[in-house]
Amino acid sequence: VDSAMHDQLLETGTIHLITVSGLHLGVVAGVLGAIAVAIRMGRWGQAAFVIGGCVLFMLVSGAKPPVVRAAVIVGCVVLAMLANRRNWPLNTLSLAALILMAFNPMYLTQIGVQLSFVAVATLFCASRSDHGLREDLIAESQLDQLIRETRSPFWRRVDGCCRRLLTALWLSLCVTLATTPLIWFHFHLVTPVAIVANVILSIPMAAALISGLAAVVGGWFWPPLAEIPAAICHLALTIMQRIIGWGAGLAGGHFWLPSPPWWSVLGFYTVTAVGLPRVREGRRGRVFVAGVLAWSLMALILAVKPTWSPPRDPRATFVDVGHGTSVVLESPDGRVTLYDCGYLGNQELDSRGIEDVVWAMGRTRIDRVVLSHADVDHYNALPSMLRRFRIDELVTGPGMLAVPKPAVEQLRIAVAEAGCKVREVSIVDRFVDHEQTMEILHPPPERLPDNENGNSLVILWREAPRELLLTGDLEPPGTEILLARPRPRPGGVMMAPHHGSLTADNRPLLQWARPREVVVSGGLRSRRPEVEAMLSVYGSEVFVTARDGAIRVTLRDANSTLERFRQEPW
């Protein structure tokens, strides 16, 4: 699954369909039970066949916590049937939780396990009152029932299918609403399209799973036996992919949002667990739906509230992305600019870490993204950011998006799909913005030949008397062109070019800029003592993201404050 497909699965709320989970073990158990009945096994034989198959599936799939939970539930249901005893679903779910805690108490802190238990508990609770809810939803009368009984067998089957579909939609609605706070908190997503998508995809998913297992088993005995079920599996997966792509592109089907506060999520589940059982059974469904909608409105207000309070002073956050660059610039008037957006080793074109800092600000929109040059570690996270945030404008140096590189082509496609405005700037444009706070110091209008680093877009942020110089991967001959320009004010903050590389002589640039602090956005190599010694040769204090974590610079009239913080709390 590539990064684009992964995002589509998240945006449709269907990623659990392709992740080995308890849902798949339930399908396997159902198929095994049908086979056992078809070949006329006895009760004990059926039980042994189903439980043995589920245990085998659990072991082969790695005994993941959701699968263990499902195996415990299936085992309890089968044993209860053998003993002619009633199975209490919530007690069975509690037993599964105790077994998982016996193996590893930390399992229950994992988001996948939490979602699994919340979803199954919701299904149990919704199913228990399903008859009353269905009656309430359909509002059928005895006369309606009599009319249905006079219909032909065909129309009775259609009516039965409609009833089952309505029940499936109701259960999907309950599960989606119950898991929304957790998914919103951890993944910044609200996915109303999941209500319909999960119902539609359940049929091809079951077909893909069953045919895939048949292909594996048939291939063990005789490879040609695997061909037909493998073709069915491929067709089912193709259908799923098409439906997921349609759902991800549906307007209003999903919303990327800042996370609500943790205490609001905890409060939601506490109130639901304590208060909902006290509501009369016939009204629980409506009360639950209304409660989730009311909580969602409150959570939305709390999540985006930081955007109403921009920083009092301009500040820049050097995100700790390893060997790469991403700097978030916040203006007192609420404007947000992102300077570069990428890092090495990002094969999945992921934006985690960068997006977390923006989410923590309560932002759903970025005013401007400035890309310094066409090296992949400076822009490969931007396609993912374009899916998650509204980005008004992309600013690049001359000809950057025309560079003949596959990664640049992917970037061009992502920018076009997002409908983002693109603007090329150079030294002749002088300023990036109309407020004349972001001055362009490099490159010239004509690209320097065969030198991406030399064409780096260098900007001087002048929101406060204390200035911030962002240099990209600038190196000769671009360095010589920059040094010929008027010098910035002394005592500012400078980003070390090329991640603090020791192969470049940065002393002329340091002498020209005269910064009081130098920030290195780099990986493990930038932590070497030689890097700090080289950059502090003229008395500058040196900060390294790989050593100090993310660096936040707050610019004021007389001085600047540099904070270090680890990004995990975001």
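Quick notes
- Unmet requirement for Leu297, which otherwise passes all of (1) in a helix (DSSP H, G or I); (2) buried (at least 22 other Cβ atoms within 10 Å of the Cβ): (2)
- The condition of being of a type outside the set (Asp, Glu), farther than 21 Å from Ala484 by Cβ and either in a helix (DSSP H, G or I) or in contact with a Pro (Cβ under 7 Å, 6 or more places away or on another chain) (or both) holds for only one of Ala416, Ala374, that being Ala416.
- Scanning segment 308-332 for residues that are modelled with pLDDT under 85 and open to solvent by 50 Å² or more (accessible area, probe 1.4 Å) yields Trp308, Ser309, Pro310, Arg312.
- Residue in segment 83-92 that is at pLDDT 85 or above and under 30 Å from Ile239 (Cα atoms) present: no
- Only one of Ala4, Ala48 that is open to solvent by 40 Å² or more (accessible area, probe 1.4 Å), under 30 Å from Asp350 (Cβ atoms), aliphatic (A, V, I, L, M) and not in a loop (DSSP other than H, G, I, E, B): Ala4
- Ser259 falls short on exactly one of the conditions (1) at pLDDT below 95; (2) assigned to a helix (DSSP H, G or I), and that condition is (2).
- Only strands (runs of 3 or more DSSP E) whose full extent lies in segment 453-525 are considered here, and the ones with at least 3 residues that are under 20 Å from Val432 (Cβ atoms), touching a residue at least 40 places away in the same chain (Cβ under 8 Å) and open to solvent by less than 60 Å² (accessible area, probe 1.4 Å) are 458-461, 468-470, 493-495.
- Evaluation of Asp450 against (1) in contact (Cβ under 8 Å) with a residue 60 or more places away in the chain; (2) over 33 Å from the mean Cα position of the chain (by Cα); (3) surrounded by fewer than 21 Cβ atoms within 10 Å (Cβ to Cβ) (one fails), failing number: (1)
- Test: residue in segment 147-160 that is at pLDDT 85 or above and among the hydrophobic types (A, V, I, L, M, F, W, C): no
- Given (1) modelled with pLDDT under 75; (2) open to solvent by 30 Å² or more (accessible area, probe 1.4 Å), number of the condition Leu123 does not satisfy: (1)
- Test result for Leu59, assigned to a helix (DSSP H, G or I), free of Cβ contacts under 8 Å to residues at least 24 places away in the same chain and loosely packed, with under 13 Cβ neighbours inside 10 Å: yes
- Within the span defined as segment 456-465, one or more residues are among the small types (Gly, Ala, Ser) and at pLDDT 90 or above.
Residues checked against (1) out of contact with any Lys or Arg (no Cβ under 7 Å at 6 or more places or on another chain); (2) among the β-branched types (Val, Ile, Thr); (3) open to solvent by less than 20 Å² (accessible area, probe 1.4 Å):
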site: His373; (1), (2), (3): yes, no, yes
site: Ala381; (1), (2), (3): yes, no, yes
site: Val395; (1), (2), (3): no, yes, yes
site: Ala418; (1), (2), (3): yes, no, no
site: Asp429; (1), (2), (3): yes, no, no
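- So Val37, is it of a type outside the set (Ser, Thr, Tyr), part of a helix (DSSP H, G or I) and surrounded by 13 or more Cβ atoms within 10 Å (Cβ to Cβ): no
The values are calculated or read from the model by the stated rules, or taken from the named source; none is laboratory data. Not measured: the values here are computed from a predicted model. We place every Cβ from the backbone using ideal geometry, glycine too, and count neighbours over all the protein chains shown. The area values use the complete protein model at the heavy-atom level, side chains included, leaving out ligands, DNA and RNA. Shrake-Rupley method; radii C 1.70, N 1.55, O 1.52, S 1.80 Å.
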